[in-house]
Protein chains: 4
Amino acid sequence: MSKMSLEGIEQAMLDDLRHRVVEVARGLFENKLVVSTFGVVSTRIPKTDCVLVTPSGFSKARLDKDNLIIVDLDANLVQGKFRPSVETPLHTYIHKRRPELSTVIHTHSPMACAFAAANREIPCVSAEQAFHLGGRIPIVRKYSLPGTTERTELENIVKALENIDAVLMRKHGVVVVGRTPEEALDTAIVLEDIATIALHSIVLSRPIEFSRRELKYLKDFKKTRYGQKLGTT
Amino acid sequence: MSKMSLEGIEQAMLDDLRHRVVEVARGLFENKLVVSTFGVVSTRIPKTDCVLVTPSGFSKARLDKDNLIIVDLDANLVQGKFRPSVETPLHTYIHKRRPELSTVIHTHSPMACAFAAANREIPCVSAEQAFHLGGRIPIVRKYSLPGTTERTELENIVKALENIDAVLMRKHGVVVVGRTPEEALDTAIVLEDIATIALHSIVLSRPIEFSRRELKYLKDFKKTRYGQKLGTT
Amino acid sequence: MSKMSLEGIEQAMLDDLRHRVVEVARGLFENKLVVSTFGVVSTRIPKTDCVLVTPSGFSKARLDKDNLIIVDLDANLVQGKFRPSVETPLHTYIHKRRPELSTVIHTHSPMACAFAAANREIPCVSAEQAFHLGGRIPIVRKYSLPGTTERTELENIVKALENIDAVLMRKHGVVVVGRTPEEALDTAIVLEDIATIALHSIVLSRPIEFSRRELKYLKDFKKTRYGQKLGTT
Amino acid sequence: MSKMSLEGIEQAMLDDLRHRVVEVARGLFENKLVVSTFGVVSTRIPKTDCVLVTPSGFSKARLDKDNLIIVDLDANLVQGKFRPSVETPLHTYIHKRRPELSTVIHTHSPMACAFAAANREIPCVSAEQAFHLGGRIPIVRKYSLPGTTERTELENIVKALENIDAVLMRKHGVVVVGRTPEEALDTAIVLEDIATIALHSIVLSRPIEFSRRELKYLKDFKKTRYGQKLGTT
């Protein structure tokens, strides 16, 4: 049990966050990124060292807000009736090392998992990938068995996430991160889309990847010209 | 006609079980594990030697509770207006040999069937498969034509199910078993997901399988740390 | 304009048949066997030499009963506000030569079309195909351009349909037939399912086909033991 | 800011057009031709040099009519609260050069994108493609990075669209055009369908393409005999 306290946290904000985590978890299921009880969503509670995380062994299709668990950054229980996901140590480790993030998602997205099982990075062969993710999807080859708490292995994943919001875990699945719960879900959806495109382009030929120069151009382009200026929507 | 009697069976329990079998059958259809009139669900009625089974030639999309048939463990009719599935002898044989199970499901899940048609086991290349199913999905190569009552062939399937809850029948389809109707459906859904991942990883490369040591670790891990402790949900 | 008359046809029966054709056409769309305005459904009006057929250039997703056209067995207009499908001569030719049938369906089912484009029969590698369709799906290699009225080409299709309810038209698509509108739709759905299985089994290996002996066994088995006895449902 | 004025435009017509663009954008999402915020729809406002275009960074699943932007043919803002799509210069360039068109659509349709990433045209191996699109889908190999305003690159796309309503942009995606918003959506849907068929036929073998003569025949056939005569529906 953690010594962390939830005193002083605004209940309306926390309730809204629970709602958003439940919706994002449902989004994983509806976009066919997980089946059965697989998949994890964790979100940092703003201005705290606490993380809201999905419970172990529950379908993402039908979570209730009360099913979510609150843990501290060492994965100790703070509040909740259930056991948190067995992948909680990985999630809290990322949250500890990346305090500016909001959300970490773990999925078994089938086409991305095919690359992970084949021990291959996802080559950057579509503008969608270049634009949204910024390049190749790296694979953490030192495979962490589910539920690992090995610091070196967790650190490998944090390192892979330094330059990109999505990584493959060899023979296992996908980790994506986001500045909001919805952004993390969006990236998980894009990842499976670009994995589908890349896999089928590999079937057709040996696709040519985006160059560093092109990726650099797109990064600047996205920052300055894509979407709406802050405050307009 | 069986000499088996249904006297003494609680009607509310039986009615609830009929409802669950109908829902699980619909789940096979909605998860695209069967089309047309294919697929079979059979569930042992607790504390009896009777089995509830789906009728022959009916779509799994729209069964009524009254469409289900009750047979004994030798596949003889006990109650019901319709002929049971032609695969009933296989189902009752498994129920007889595995009294601790609840449910047997037969599907034509497309990606799993592709492995069955290709005469290949599904290699264990994803954590999802290692974790949920425990290893490779075996294939019963001595093919039983639909509706077989050959004891050796039925025994081959029972043998293959000893260490794993899912097997492929060569050129035919899939048999999965579960401790509840819902668990069997869940395993059928996971099986098609891992077949999809494995097939596409084979397209990409020659994937490396989980080792015995890893599988052993995951088995213990699942037993002790996954999901909720009994009585908590 | 045909000299055929619709006098004496029971309106309630005809109205019911129109409804069924509209439903079957929608089924083609919902099962993703056609997109856009592709696909044709034609049904013989019992006890007449007239055929109900879908109009040219309409989406199958949203037909009204009044959109259907009635033609005679030489594809001449009998009744209707619209032009019939450009494939009407093929449909009426099949109806003329196979008076015992009810319905002919033409689709562009993607996986079956992949075989048609690749100029390959669909090998019989799954029990589903052996059981439901009875063997390999033949391909009519002498390709008929859409809308053909060439007697030899139409005859080739009739010949291919003699032993099986589904054929591929090279580089074009699929023709299936049924004893009822619903049976033809069911066969069209099964055909795409078995094409999906066969294609992916070919990706995995060189699958082994069902033998003549096995196919013969299954044919007898289906006739005598599958589904319900007449009059029981 | 453009000097273009919207005075004199009938508001009911403009409102209807906004509604149709929103519906077509939703159609891209529902047919899985785009994910996330990708995809663009632009429609010329009849009798003006103005174009209605979707905003940058919005999901196509849930646009409001008020989210749309009006720009002139040089991509300058005429009316609207948001930034237009970053691909607006490509769209207005096509509209300027092809005044007879109504709508330009850009998607990341996965199977078409696989061809684009593999740097391959889509061969014309199905009647659906021959009939609806008239032949091979060309690929503009000189890749325009997203948001390009390079005249030569834009001109390459216009040139590729001269003989066909759909082109691939290498490593990027798809551009389709239509005489109405709905026609452009329909062509985008057909394009992904024929890409799916062609890709899987390539997996199965080396498919044989339609000849020039066949394509010519189908073009005439479509013009004179397909669909309904004007004024009948």
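For chain B, the Cα gyration tensor yields ellipsoid semi-axes of 30, 20, 16 Å (square root of five times each eigenvalue, largest first, whole Å).
To the nearest Å, what is the center-to-center distance of the stretch D:136-194 and the stretch A:36-94, using C-alpha atoms only? Each part reduced to its Cα centre gives a spacing of 45 Å.
Taking chain D as a Gaussian network of alpha-carbon nodes connected by springs under 10 Å, the highest mean-square fluctuation of the residues D:LYS222, D:LYS60, D:LYS171 belongs to D:LYS222. Based on the convex hull around the alpha carbon atoms, the stretch D:1-131 presents an average projected area of 9.0 nm².
In this assembly of identical copies, the label point of B:ALA12 (Cα plus 7 Å along Cα-to-Cβ) is separated from its counterparts by 4.5, 4.5, 6.3 nm, sorted shortest first. Using a Gaussian network model of chain C in which every pair of alpha carbons under 10 angstrom is joined by a spring, one finds that among C:GLY173, C:GLY147, C:GLY135 the greatest mean-square fluctuation is at C:GLY147. Between copies, B:GLU162 shows label-point distances of 5.2, 5.2, 7.3 nm, shortest first, with the point placed 7 angstrom from Cα along Cα to C-beta. Computed from the alpha carbon atoms alone, the convex hull of the stretch D:32-72 holds 70 Å³ per residue.
At 1.4 Å probe size, with the rest of the protein present, what percent of the exposed accessible area of the stretch A:1-155 is carbon and sulfur atoms? C and S atoms contribute 47 percent here. Between 0 and 90 degrees, the angle of helix B:181-204 with respect to the longest Cα principal axis of chain B falls at about 30 degrees. Evaluated on the stretch C:191-233, the Kirkwood hydrodynamic radius is 12.9 Å, with distances taken between all distinct Cα atoms. Buried accessible surface for the B/A pair, both sides summed and rounded to the nearest 100, is 2900 Å² with a 1.4 Å probe.
When C:ARG212 is represented by a point 7 angstrom out along its Cα-to-C-beta vector, the spacings to that point in the other copies are 4.7, 4.7, 6.7 nm, nearest first.
Comparing the full protein assembly with the isolated chain (1.4 Å probe, heavy atoms, ligands and nucleic acids excluded), the residues of the stretch D:14-56 losing at least 20 square angstrom of accessible area are D:VAL35, D:SER36, D:THR37, D:PHE38, D:SER56. Over chain C, dividing the summed -39,500 (n - 2.57) contributions of all DSSP H runs of at least 4 residues by the number of residues returns a 222 nm mean residue ellipticity of -12500 deg cm²/dmol. Classification of the stretch B:70-109 by its C-alpha gyration tensor yields an oblate form. The axis ratio a/c (a ≥ b ≥ c) is 1.5 or more, and b/c is at least a/b. What lysines does C:LYS65 reach when the alpha-carbon gap must be under 16 Å and sequence neighbours fewer than 8 apart in one chain are set aside? Candidates past the 8-residue exclusion: C:LYS81. Principal-axis analysis of the Cα atoms of chain A puts helix A:88-97 at an angle of about 80° to the longest axis.
Let me have the relative contact order for chain C, percent, based on Cα pairs under 8 Å that are six or more residues apart.
About 19 percent, as a whole number.
Solvent-free Debye calculation, one equal scatterer per alpha-carbon of the stretch A:112-173: log10 I(q)/I(0) at 0.12, 0.18, 0.28 Å⁻¹ equals -0.28, -0.61, -1.19. Here the convex hull built on the C-alpha positions of the protein assembly as shown has a volume of 180 cubic angstrom per residue. Angle between the Cα long axis of helix C:212-225 and the longest principal axis of chain C, 0 to 90 degrees, nearest 10? For C:212-225 against chain C, the angle is about 50 degrees. Solvent-accessible surface of the protein assembly as shown, taken per residue with a 1.4 Å probe and all protein chains present: 41 Å².
Using the Cβ of D:PRO207 as centre and a radius below 11 Å, the other residues enclosed give a net charge of +3, where K and R count +1 and D and E count -1. Which of D:THR37, D:THR54, D:THR92 moves the most in a Gaussian network model of chain D with Cα springs under 10 Å? Looking only at D:THR37, D:THR54, D:THR92, the largest GNM fluctuation is found for D:THR37. Of the residues making up the stretch B:183-213, those losing 40 Å² or more of accessible area when the isolated chain is joined by the remaining protein chains, with a 1.4 Å probe, are B:ASP193, B:ILE197, B:LEU199, B:HIS200, B:VAL203, B:LEU204, B:ILE208.
The values are calculated or read from the model by the stated rules, or taken from the named source; none is laboratory data. Worth saying up front: this structure is predicted, and the values here are computed from it rather than measured. Neighbour counts are summed over all protein chains in view; Cβ atoms, including those assigned to glycine, are modelled from backbone coordinates with ideal geometry. With ligands, DNA and RNA removed, areas are computed over all heavy atoms of the protein, side chains included. Shrake-Rupley method; radii C 1.70, N 1.55, O 1.52, S 1.80 Å.
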